[in-house]
Amino acid sequence: MMEKNYDPKPVESARLASWEAAALGRCQAREGRKPYVIVIPPPNVTGALHIGHALNNSMQDVFIRHHRMKGSDVCWVPGCDHGGIATQNVMEKQLKTEKVDRHVLGREAFLARMQTWTRECKTTILGQLRRLGCMLDWEREAFTMDEERGHAVFFAFKTLWERGLIYRGERLVNWCVRCGTALSDIEVEREERKGNLYHIHYRLESGGEGLVVATTRPETMFGDTAVAVNPKDERWRHMVGKKVVIPFIGRAVAVIEDGYVEFEFGTGALKVTPAHDQNDWEIGQRHGLAAIKAIGPDGKLTEAAGPYRGLSREKAREQIVADLEASSLLRKKEDHKSAVQTCYRCGSVIEPLLSLQWFVKQSDLAKPALRALDDGRFKIYPDNWEKPYRDWLLSIKDWCVSRQIWWGHRIPVWYKDGEQPVVSQESPGSGWRQDADVLDTWFSSALWPLAVFGWPEKTKDFACFYPTATLVTGYEILYLWVARMQMMGLAFDGRAPFSSAVIHGTVRDKSGKKMSKSLGNVIDPLLMMEKYGTDALRFSLLTQAHPGKDIAFDEQSVVGARNFVNKLWNSTRFVLMNLPSEPPTGGYRLEALSHSRLELSDRWILSRYQAVLAGAAGSLDAHDPAAAAEILYGFLWDEFCDWYIELAKTRLLGSEAQGKEETRTILVQILVGTLKALHPLMPFITEEIYGALKAYVGESAPFVLTGGYHPPGREWFNPEAEAEMARVMSAVTAIRSLRSQLNVPLGLKVSAFVAGPDSRMIIEKHGAYLAALAKLAELKASLGARPPHSATAVSEGVTFFIPLEGVIDFDKERQRLVKDLSKAESDVAKIEMKVKNADFIAKAPQTQIDEAHAQHAVARERVARLKETVALLSGGEGSIRPRV
RNA sequence: GCCCAGUUGGCGCAGUGGUAGCGCGUUCCCUUGACAUGGGAAAGGUCAUAGGUUCAAAUCCUAUACUGGGCACCA
């Protein structure tokens, strides 16, 4: 027996066990089959999954299950990313609590600990994906740093090297002082910060006034190798070619001219520090200036800083400013907002630093990616991301791929004195030492779709599963990851690694703020699953996952989804209660229904059902789970439960045997069809219910997925039935509304009399529906007169009189109707404007004109009947005969 | 600075030319054998502003304002 309220826990664990026992997610390469393939965006092994992962993976699971339901082979590859800097930072924090430093531990021991941590973390993450219901092919689990992927990374590096696309050089790179490594340009974030603009006086070497430079970073002055002014700037012309002296260290630098300098900014004189500023670096290149490092990789000032050597950047600035002030070299200090670059992993301020790094040339790799986008081999949904994606590729710069950390793929280059460097996975022999750096974690991520199927080996899997279909991810890694996968895939294989990228939004807190541990607004998906069930969490996220849009996540929405899950459960309970304990042989079949026998509600719900199934599947084809969820939610709750089931109740209690069978057939068929359509969104409860219902629809598939979507049986589309049912609903609502206004509870059955042009038809064809839904004891034709003491409800083509002795206040009833009348009249006026507009009649399409005329007639007829009724009431009880 | 998106009832969001919808919340009524994680009824919006196109605009166009994002930045 089903419980009154759905309890997700036992159902989830049982269903999970049965899916795994059947290895439902397993997909093997089969000759001649082209499966639908997704590779998971591998979560970093930095801890547990967050709510964004829950959204990301729910969406993928929806697409996977949807395609499986449609009959394709599907393959979804699980795995994790080693996560480079991010993961190393997690470990370093851990070590800090133990008061250990990785340098004390040593590289070997540190990596051993990382391996242990990774194993634990992978177990956690994969376990969470299981609990989410993700139908991954568990036997394909991959890791960006396992042996196979290591092989792919080496092969890719070697190939790029051989093609001349990898080089090593001393460049100005983004250096994170805290992480102790270089970063690529897209790993740097910018934020506006308040700071100061310092005006500093540089004396002339030969003695004399000199000039004043403006800078936000006085601590870099010891790296200055020139002062630049704009060639058109009259103010400083006399200084050009002279030499000025850097304070405190007395080194002299030349005053040069460069068009880059803006003369409105600051003093119009720019101190040039090629080793610590990108623009200064470029000026330095133009003028052949030396680059002097004033700040080291540790963030401390170097020997070049003379007396300030060893101070941190921050300390040094303070000290220098104080000293400048004391020696009255600080001419001005003004407030200044500037864009500060920060590390995307730890948030500390980036130091542009001149250092020896490895780079991948990008422009040749970007071209095929642009072509793939232009000719449609690769599409982004929603397509408004295509422009930023294209722009990024067009203005791409070389990619710094070396990282000065330990956790990652070691750069496979070996050095020996007096020899050319050698690219090799193993040591080329004694005396060779390997490059100490590791590759950017995104280097291996970029190879992910290739590498998970065994590339560069020519495996059967690769032949069958590559390229993949859909990549589901967030817009924040569009360049970092998506673009690079496209570039690498196209470079090594010639095909786009996935034909479409579906971009979802970020899950934020309910006020729209980004979730973060420090703000304390993080939602734990596991907790949500505990409280409301996995289906509820998934459905909640999916209903909000409109293409590309961020989600303001409110726990209330999970409550709502939980209630919907419960509604599904209870509608099943109702249907099951009205079915025999033994299903008929072959089950209840829609094909067996005689079309001519079906009554209005049947024809209506079947028509709606067919439209809903098509709409839901179409939405999923269009990568829009939110639209599918909305369609199915509305149908199940507002149409199937609130109207069809309510009508079915009287028929199931009635004595007409064939009618009962028809009702049972439609109930169970539509319920099964709808829950199958819901299955990609909420796999657990739908699987559970399917188990209980499948015999009643004559099916024996062990799982929803293996059975596939439910065919609607035949063509049920019926606009006439939908229109007629809409009239029934509006009549029912009119009576219910009347009862509510007069405080006549639905529990109390009342009689009603019907008048109006359509009254005869209404009684004959809809009488039973009205009686059932508006709780009427009887429904009779009004025999010419309005019954005394009755309230009036005016619906389309029909007027209902409900005698309510003692309840009706004569004047109030009249007021109520007058209010209805004025509203009805304003409706008429609106439509009349349109109908009487000559331009409209002349230019609008005929269908529109016909429709407007019909609406006009209906509205006018309603007004007429309301007027009549009001007149009746004004003339006293029942004294005037209504027109029938 | 350039580009993109958003601006719809208290909150969160649908809605790509024909008299504005959903969820949550609010008010009133109802514990009637699927479900109070429920049912019924109702209140609440001149669809950011100003123009334009059109017989007809939330929807198309143009400007403006605000919000968010991407890219590029003047030290």
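The values are calculated or read from the model by the stated rules, or taken from the named source; none is laboratory data. Not measured: the values here are computed from a predicted model. All Cβ positions, glycine included, derive from the backbone under ideal geometry; neighbour counts span all protein chains shown.
Checking A:Lys812, A:Lys749, A:Lys765 one by one, the residue that is in contact with a strand residue (DSSP E or B) (Cβ under 7 Å, 6 or more places away or on another chain), among the basic types (Lys, Arg) and either modelled with pLDDT under 90 or within 21 Å of A:Arg862 (Cβ to Cβ) (or both) is A:Lys749 and no other.
Looking only at the range A:289-334, how many residues end up being surrounded by fewer than 15 Cβ atoms within 10 Å (Cβ to Cβ) and either part of a loop (DSSP other than H, G, I, E, B) or in contact with a Cys (Cβ under 8 Å, 6 or more places away or on another chain) (or both)? Within the range A:289-334, residues that are surrounded by fewer than 15 Cβ atoms within 10 Å (Cβ to Cβ) and either part of a loop (DSSP other than H, G, I, E, B) or in contact with a Cys (Cβ under 8 Å, 6 or more places away or on another chain) (or both) number 5. A count restricted to the range A:457-472 and to residues that are crowded, with 18+ Cβ neighbours inside 10 Å and in contact with a His (Cβ under 9 Å, 6 or more places away or on another chain) stands at 3. With respect to the conditions (1) of a type outside the set (Phe, Trp, Tyr); (2) in a helix (DSSP H, G or I); (3) within 12 Å of RNA strand B (Cβ to nearest atom), A:Arg286 lacks only one, and its number is (3). Of the residues making up the range A:527-557, those that are more than 10 Å from RNA strand B (Cβ to nearest atom), of a type outside the set (Asp, Glu), under 13 Å from A:Pro8 (Cβ atoms) and surrounded by 20 or more Cβ atoms within 10 Å (Cβ to Cβ) are A:Met528, A:Met529, A:Thr534, A:Leu537, A:Arg538, A:Phe539. Out of the range A:736-751, which residues are near RNA strand B (Cβ under 7 Å from one of its atoms) and either part of a loop (DSSP other than H, G, I, E, B) or among the β-branched types (Val, Ile, Thr) (or both)? Selection gives A:Asn743, A:Pro745, A:Leu746, A:Gly747. Within the range A:186-219, the set of residues being of a type outside the set (D, E, K, R) and within 8 Å of RNA strand B (Cβ to nearest atom) comprises A:Ile186, A:Leu197, A:Val213, A:Ala214, A:Thr215, A:Thr216.
Which one is nearest to A:Lys513 (Cα to Cα), of the residues in the range A:554-593 that are hydroxyl-bearing (Ser, Thr, Tyr) and out of contact with any Ser or Thr (no Cβ under 8 Å at 6 or more places or on another chain)?
A:Ser571
If you check A:Asp811, A:Asp758 for being among the acidic types (Asp, Glu), surrounded by fewer than 21 Cβ atoms within 10 Å (Cβ to Cβ), closer than 20 Å to A:Glu724 by Cβ and more than 47 Å from the chain's Cα centre (by Cα), only one passes: A:Asp758.
Regarding A:Trp643, is this residue surrounded by fewer than 23 Cβ atoms within 10 Å (Cβ to Cβ), within 11 Å of RNA strand B (Cβ to nearest atom) and either of a type in the set (Gly, Ala, Ser) or under 17 Å from A:Thr572 (Cβ atoms) (or both)? Answer is no for this residue. Collect the residues in the range A:262-292 that are in contact with a Gly (Cβ under 9 Å, 6 or more places away or on another chain) and among the aliphatic types (A, V, I, L, M), keeping them in residue-number order. Answer for the range A:262-292, where residues must be in contact with a Gly (Cβ under 9 Å, 6 or more places away or on another chain) and among the aliphatic types (A, V, I, L, M): A:Val272, A:Ala275, A:Ala290, A:Ala291, A:Ile292. Among the criteria (1) of a type outside the set (S, T, N, Q); (2) within 16 Å of RNA strand B (Cβ to nearest atom); (3) without any contact (Cβ under 8 Å) to a residue 40 or more places away in the chain; (4) in contact with a Lys or Arg (Cβ under 8 Å, 6 or more places away or on another chain), the one A:Ala726 does not fulfil is (4). Among the residues in the range A:483-495, are any within 14 Å of RNA strand B (Cβ to nearest atom) and surrounded by fewer than 24 Cβ atoms within 10 Å (Cβ to Cβ)? No - not one qualifying residue is present in the range A:483-495. Look through the range A:173-184, keep the residues that are in contact with an Asp or Glu (Cβ under 8 Å, 6 or more places away or on another chain) and within 16 Å of RNA strand B (Cβ to nearest atom), and return whichever of them is modelled with the lowest pLDDT. Result: A:Ser184. Please work out if A:Asn563 is surrounded by fewer than 16 Cβ atoms within 10 Å (Cβ to Cβ) and within 16 Å of RNA strand B (Cβ to nearest atom). So A:Asn563 fits the description; yes. Evaluate the range A:147-161: report whether one residue or more is of a type in the set (Asp, Glu), surrounded by 14 or more Cβ atoms within 10 Å (Cβ to Cβ) and more than 16 Å from RNA strand B (Cβ to nearest atom). Checked the range A:147-161: at least one residue is of a type in the set (Asp, Glu), surrounded by 14 or more Cβ atoms within 10 Å (Cβ to Cβ) and more than 16 Å from RNA strand B (Cβ to nearest atom). Right, A:Ala436: away from RNA strand B (no atom under 16 Å from the Cβ), under 25 Å from A:Gly164 (Cα atoms) and modelled with pLDDT of 95 or more or not? Answer is no for this residue. The residue that is nearest to A:Pro711 (Cα to Cα), among those in the range A:549-591 that are part of a loop (DSSP other than H, G, I, E, B) and among the polar types (S, T, N, Q), is A:Thr585. Filtering the range A:374-410 to residues that are within 15 Å of A:Tyr479 (Cα to Cα), among the hydrophobic types (A, V, I, L, M, F, W, C) and either surrounded by 19 or more Cβ atoms within 10 Å (Cβ to Cβ) or at pLDDT 95 or above (or both) leaves A:Phe378, A:Ile380, A:Leu393, A:Ile396, A:Trp399, A:Cys400, A:Val401.
Scanning the range A:592-625 for residues that are over 30 Å from A:Tyr381 (Cβ atoms), part of a helix (DSSP H, G or I) and of a type outside the set (Ser, Thr, Tyr) yields A:Ala592, A:His595, A:Arg597, A:Leu600, A:Asp602, A:Arg603, A:Trp604, A:Ile605, A:Leu606.
What are the residues in the range A:257-281 that are β-branched (Val, Ile, Thr), closer than 23 Å to A:Glu234 by Cα and at pLDDT 90 or above, if any? Give the steps one after another, and end with the answer.
Kept after step one, since they are β-branched (Val, Ile, Thr), are these residues of the range A:257-281: A:261, A:267, A:272-273.
Of the ones still in play, those that are also closer than 23 Å to A:Glu234 by Cα are A:261, A:267, A:272.
Answer for the range A:257-281, where residues must be β-branched (Val, Ile, Thr), closer than 23 Å to A:Glu234 by Cα and at pLDDT 90 or above: just A:Val272.
What tally of residues in the range A:106-126 results from selecting those that are assigned to a helix (DSSP H, G or I), out of contact with any helix residue (DSSP H, G or I) (no Cβ under 7 Å at 6 or more places or on another chain) and more than 18 Å from A:Pro41 (Cβ to Cβ)? Going through the range A:106-126 one residue at a time, the tally reaches 10. Scoring A:Leu354 on the criteria (1) surrounded by 18 or more Cβ atoms within 10 Å (Cβ to Cβ); (2) in a helix (DSSP H, G or I) leaves a single failure, condition (2). When A:Arg597 is tested against the conditions (1) within 10 Å of RNA strand B (Cβ to nearest atom); (2) loosely packed, with under 15 Cβ neighbours inside 10 Å; (3) closer than 22 Å to A:Glu646 by Cβ, the lone failure is (1). Of all residues in the range A:185-215, those satisfying the criterion of being modelled with pLDDT of 90 or more and either in a helix (DSSP H, G or I) or among the hydroxyl-bearing types (Ser, Thr, Tyr) (or both) are A:Tyr198, A:Tyr202, A:Thr215. In a loop (DSSP other than H, G, I, E, B) and of a type outside the set (D, E, K, R): is that true of A:Ser516 in this structure? Yes. Per the listing A:Val255, A:Val245, A:Val261, the residue uniquely surrounded by 17 or more Cβ atoms within 10 Å (Cβ to Cβ), over 19 Å from A:Asp323 (Cβ atoms) and more than 12 Å from RNA strand B (Cβ to nearest atom) is A:Val255.
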